[in-house]
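Asker: Supplied in structure tokens, the structure appears directly below.
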Amino acid sequence: MESEQDPDIQLLPRGTFMCRLCEVNVPNRASLEDHKKGKKHQKLCSIRETRKVQEEHSLFVSGFQHGTSELEITDHFQRFGPVSSIIMDKNQGVYAFVEYGSIESLQSALAEPEHIMNGKRLKVKPREKKEFKYTPKKKQAPSNSLLPSLELLSPVLCQANDVDEQMEKLVQLFGFSESEERLRELVISLIQEVFSEFFPECKIIPFGSTVNGFNIHCCDLDLFLDLEHTKIFQAKSKGSNEQTGVIEDTQSEDSILSDIDLETASEAEVLELVAMVLRKCVPGVHKVQAVTTARRPVVKFIHKDSGLHGDISVNNRLAVRNTSFLKLCSALDKRLRPLVYAVRYWAKQKHLAGQSSGRGPTLNNYALTLLVIFFLQNREIPVIPSVNHLKELAGEGDQCIIEGWDCSFPSDASTLPPSKNCESLCTLLSEFFNFYGQFDFVSSVICLRDRKALPVTAFLSNKEGKSPRLGPVNILDPFELCHNVAANLNERSEQRFRKQCLEAAKYCRSLQYQRKSAKGKVWGLVRLFNEDSVSAEGSPGVPGEVSQERMVIDIPFKLASLSEETRKKLCNSDDFRQLWFGWVSAAVLSVLEDMLKCTCCITPAALQYSTTAEHCAKLEAGEDPHTQLPELSTRVADHNEPSDEVLDGKNPPEVNSNESDTTASMAGESLNSSKRHRCSDGGASSCKKLRFEPENMAGNASWYCTLWHKVWAGRRKMRRDILRGLKASRTDENDDDNDGGGIDLEARVSEAIAQQERASGNTSEPVLNFTLHLEVVGGTESTRTLAVITPVQDASGLFQDFFHFLQLFLPKMTEKLLEKKIK
Ligand code: UTP
């Protein structure tokens with residue numbers, strides 16, 4: 001039935017459907033309806049419709065002289081009516097499609113008995129109508145890929161005498177030539193000329209890499225269409241018309257301005273108009289597309305003859321201003337440009353910047369440039385001053401407020417004192433990698449205004465809705481202080497960036513970087529830019545990668561996964577790491593005790609993992625390792641501070657059910673069912689209390705843990721069985737939101753595994769004893785908690801299995817608890 005009504009849809013056996021347009025199968029009618037309303041289907045319908053109209057309005061023309069230009073063809077066919085576009089074959093000489101604005105024009109061209117151009121008779125016929133077939137667009141080559149390849153760069157760079165010279169060469173090789181600069185100016189003046197016709201007194205202002213001092217061949221042409229004066233012009237002519245009651249033949253009446261009120265029109269409406277002018281009136285411009293949903297909406301276009309890809313925006317005064325800021329910075333210190341070029345090329349080679357190559361979101365060039373400036377602001381002797389300092393140095397004429405943001409800075413770099421820093425380019429590049437390889441991205445906000453990395457928690461309160469969108473990398477725009485220019489990045493991007501910085505820093509310490517090879521081998525920047533040579537030497541420790549030797553589990557600080565309430569608590573806290581660490585510790589403990597039914601006893605400093613070998617020896621010798629516990633009156637909060645609670649010296653200390661407040665609050669209602677226990681079947685003798693105060697954690701803590709059952713073995717199946725049973729009895733039981741982050745369910749799974757073991761006659765002997773040392777790191781590297789797990793007694797050799805299980809289970813469950821239960 002469906003196929004009869006809609007030619008795009010084909011009915012398949014068993015009630016399934018196929019959408020011919022999108023080339024996808026859909027399982028049932030309901031999904032089909034959703035599919036038809038979906039973005040892709042709608043988009044393809046609209047493309048098909050546009051193509052149909054284009055075909056109906058187009059002529060196929062051939063027989064002209066090779067080398068005939070678009071302009072000549074337009075000239076000839078414009079006699080029959082306005083031509084809206086010309087599409088020529090790739091060789092520019094065999095055929096062309098001429099698209100008219102109306103069918104009438106097309107018909108009058110077809111009615112012409114003969115078309116002669118440059119002495120040649122043209123063949124003119126209606127364009128063939130082809131069935132529309134969707135072919136996914138090939139990803140457009142990123143503009144960065146227009147940079148010379150490393151093979152081409154290599155011989156030139158290797159000829160240089162040192163890294164500084166190599167970097168200077170990059171600027172010469174990548175930057176615009178005079179003719180390129182001229183070409184851009186011509187395209188800009190062409191656009192200005194046409195737009196002035198339609199938007200009197202408007203201004204086309206270039207920004208971004210075309211003018212900021214960091215230009216690269218074929219980089220985008222970013223343009224801002226300033227309509228401020230046009231608005232005034234429009235208001236004035238409107239006012240005078242109203243006063244006199246006469247409709248004057250002003251420019252605005254002639255122009256499209258009579259159709260729109262610039263003062264009240266939406267940005268999207270103005271951009272549609274801009275797109276129309278570009279499409280219809282600017283010669284040589286094609287592929288015009290208004291992108292109105294972006295953070296900064298633009299009209300995209302390509303200027304055919306120059307090959308330039310351009311964007312026009314109408315609401316982007318801040319970008320024009322930050323372009324001047326970048327220009328000022330590059331004028332302030334001549335080392336900035338070569339550094340930015342080197343870092344950009346390196347980042348492109350490592351797929352860290354520019355268009356994504358399928359490895360996740362990447363930094364844009366603006367963000368990368370800000371990273372270089374921030375690094376230079378943070379040298380011991382700063383190379384570039386803070387934006388705040390520049391603001392203080394701004395003269396009267398330099399004062400500038402845009403959208404409420406203070407964008408004042410001096411316009412003339414020569415009026416500022418030069419930096420006393422005289423480090424070489426070679427050193428600065430190497431230090432750039434060191435700096436960011438060690439940088440604590442996740443818990444800092446890079447702030448060029450103060451030339452400081454501010455704690456992320458200082459940005460948690462939503463002041464008048466002007467907080468930046470925080471993520472794993474936070475680079476605050478120097479002026480628009482609520483804009484994180486790296487907000488698109490995810491954790492993986494952050495880790496990849498840091499990893500590549502660490503690897504690059506390592507390479508930069510080698511002689512291969514610092515000295516020209518006497519044997520003619522590649523050296524310096526060439527090896528740095530080469531994807532394989534650096535990583536082949538082995539990578540240093542990277543967050544997220546677990547070192548098997550130390551049995552370390554990494555629990556990263558993830559702001560995004562903290563509850564709103566938790567964020568509030570962290571907000572502006574002096575040392576949020578310590579606070580967060582306390583919560584992580586409580587959550588880890590809850591995972592071990594409540595979910596996995598471990599017995600965990602806080603150990604004092606003397607018993608931390610460093611002394612494990614001694615413990616091991618004692619256990620193997622059949623001794624109780626705790627008989628000679630030193631002073632156990634230690635609180636977790638401060639290992640040196642004596643507590644009034646003392647163990648009896650015979651047994652490991654234990655977190656007491658009554659006093660483990662945070663763990664209790666985290667476990668929520670589930671705590672009643674899974675009481676703070678000595679594991680269900682006993683095994684260890686009674687323990688005395690030791691207070692656990694997560695809010696006062698000092699940054700590290702250790703526990704002595706006993707695991708009573710192989711809680712990892714068959715866990716997934718057991719969980720599935722339990723969930724199935726729960727679903728049958730109650731529908732909401734497996735909903736994590738209702739059970740304190742999954743504690744109940746996980747506790748049940750562990751209990752069930754324990755019961756199974758008991759049923760098969762297992763004794764109450766512990767499966768494993770291990771120490772758990774938690775430590776928060778961060779400040780010089782990404783904030784995270786490291787859980788170092790060391791076996792104390794592993795007679796049955798099960799520790800590896802347990803560790804592999806815990807590697808995934810512990811961070812996942814800890815995160816869940818942090819998300820849901822911390823109050
Ligand atoms: P790009 O990231 O495109 O930088 O931003 P670019 O230097 O022009 O490099 P190409 O064009 O990729 O070679 C272009 C301009 O857009 C503004 C800045 O003015 C920047 O110079 N911009 C970009 C912002 O204002 N904020 C952003 O988050 C990104």
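Just so you know, all these numbers are worked out from the coordinates, no wet-lab data involved. Since the model is a prediction, treat every value here as computed from it, not as a measurement. Don't worry about glycine lacking a Cβ; one is built from the backbone with ideal geometry, like all the others, and counts go over all protein chains shown.
Asker: Find, among the GluC sites (Glu not before Pro) in the range 433-508, those assigned to loop by DSSP (not H, G, I, E, B) with at most 14 other beta-carbon atoms within 10 angstrom.
Answerer: Numbers: sites: Glu464, Glu480, Glu491, Glu494, Glu503; in loops: Glu480.
For GluC sites (Glu not before Pro) across the range 433-508 that sit outside H, G, I, E and B with at most 14 neighbouring Cβ atoms in 10 Å, the list is empty.
Asker: Could I ask something else about it? Please state the charge dipole magnitude for the range 150-203, taken about the Cα centre, from unit charges on C-beta atoms (+1 on K and R, -1 on D and E), reported in debye and rounded to the nearest 20. Don't skip to the answer; put the middle values down first.
Answerer: Working: 4 positive and 12 negative charges, 28 e Å.
So the dipole magnitude of the range 150-203 works out to roughly 140 debye.
Asker: Could the peptides 796-804, 512-520, 197-205 be put in order, highest first, of the mean number of other beta-carbon atoms found within 10 Å of their residues?
Answerer: Numbers: 796-804: 15.3, 512-520: 13.2, 197-205: 19.0.
Packing proxy ranking, top to bottom: 197-205, 796-804, 512-520.
Asker: Give me Ser750, Ser510 ranked fewest to most by other Cβ atoms within 10 Å of their Cβ, as a rough exposure proxy. Provide the component values of the computation, followed by the final result.
Answerer: On the way: Ser750 25, Ser510 13.
Listing Ser750, Ser510 from fewest to most nearby Cβ atoms yields Ser510, Ser750.
Asker: Please give the length that would be gained between Lys334 and Asn388 if that part of the chain were fully extended, namely 0.36 nm times their separation in residues minus their C-alpha to C-alpha distance (nm, one decimal).
Answerer: Separation in residues times 0.36 nm, less the Cα-Cα distance, equals 17.3 nm.
Asker: Divide, for the range 1-55, the radius of gyration over alpha carbons by 2.2 N^0.38 Å, where N is the residue count. Could the numbers behind the result be given before it?
Answerer: Working: Rg = 11.8 Å, N = 55, 2.2 N^0.38 = 10.1 Å.
Cα Rg divided by the expected 2.2 N^0.38 Å: 1.17.
Asker: Arrange the following residues from fewest to most other Cβ atoms within 10 Å of their Cβ: His35, His773.
Answerer: Values: His35 17, His773 20.
Ranking His35, His773 by Cβ neighbours within 10 Å, fewest first, gives His35, His773.
Asker: Only Lys, Arg, Asp and Glu count, each charged at its Cβ (+1, +1, -1, -1), so figure out the dipole size of the range 258-383 about its Cα centre, rounded to 20 debye. Walk me through the numbers before you get to the answer.
Answerer: Details: 18 positive and 10 negative charges, 171 e Å.
So the dipole magnitude of the range 258-383 works out to roughly 820 debye.
Asker: Looking at the range 390-422, which GluC sites (Glu not before Pro) are DSSP coil and have at most 16 other C-beta atoms within 10 Å of their C-beta? Can you show the working numbers first?
Answerer: Working: sites: Glu392, Glu396, Glu403; in loops: Glu403.
Those that pass, being in a loop and sparsely packed, are Glu403.
Asker: Which three semi-axes in whole Å describe the equivalent ellipsoid of the range 426-469, each the square root of 5 times a Cα gyration tensor eigenvalue, listed largest first?
Answerer: On the way: eigenvalues 149, 23, 10 Å².
Gyration-tensor ellipsoid for the range 426-469: 27, 11, 7 Å.
Asker: Next question. For q = 0.18, 0.27, 0.28, 0.32 Å⁻¹, what log10 I(q)/I(0) does the range 271-323 give under the Debye formula with an equal point scatterer on each alpha carbon and no solvent?
Answerer: Result of the Debye calculation: -0.59, -1.02, -1.06, -1.18.
Asker: Further question on the same structure: Among Ile555, Ile302, rank each residue by its count of other Cβ atoms within 10 Å, from fewest to most, as a rough exposure measure. Could you put the intermediate results ahead of the total?
Answerer: Numbers: Ile555 22, Ile302 16.
In order of increasing Cβ crowding within 10 Å: Ile302, Ile555.
Asker: Would you mind listing how long the range 274-363 runs along its three principal axes, going by Cα atoms, in whole Å with the largest first?
Answerer: 44, 34, 29
Asker: Seen from all sides and averaged, what is the projected area of the convex hull of the Cα atoms in the range 432-503, in nm²? Each step should come with its number before you reach the end.
Answerer: On the way: hull surface 18.5 nm².
Hull-based average projected area comes out at 4.6 nm².
Asker: Can you flag which of Lys452/Lys558; Lys52/Lys125; Lys300/Lys466; Lys130/Lys300; Lys568/Lys820; Lys569/Lys820 are past 19 Å Cα-Cα?
Answerer: Working: Lys452/Lys558 21 Å; Lys52/Lys125 17 Å; Lys300/Lys466 29 Å; Lys130/Lys300 27 Å; Lys568/Lys820 14 Å; Lys569/Lys820 14 Å.
Result: Lys452/Lys558; Lys300/Lys466; Lys130/Lys300 exceed 19 Å.
Asker: Still on this structure: To two decimal places, what compactness ratio does the range 332-406 give when its Cα radius of gyration is scaled by 2.2 N^0.38 Å?
Answerer: Details: Rg = 15.6 Å, N = 75, 2.2 N^0.38 = 11.3 Å.
Computed over Cα atoms of the range 332-406, the ratio equals 1.37.
Asker: Here's a follow-up. How long is the range 374-473 along each principal axis, judged by its Cα atoms, biggest number first, in Å?
Answerer: 41, 40, 14
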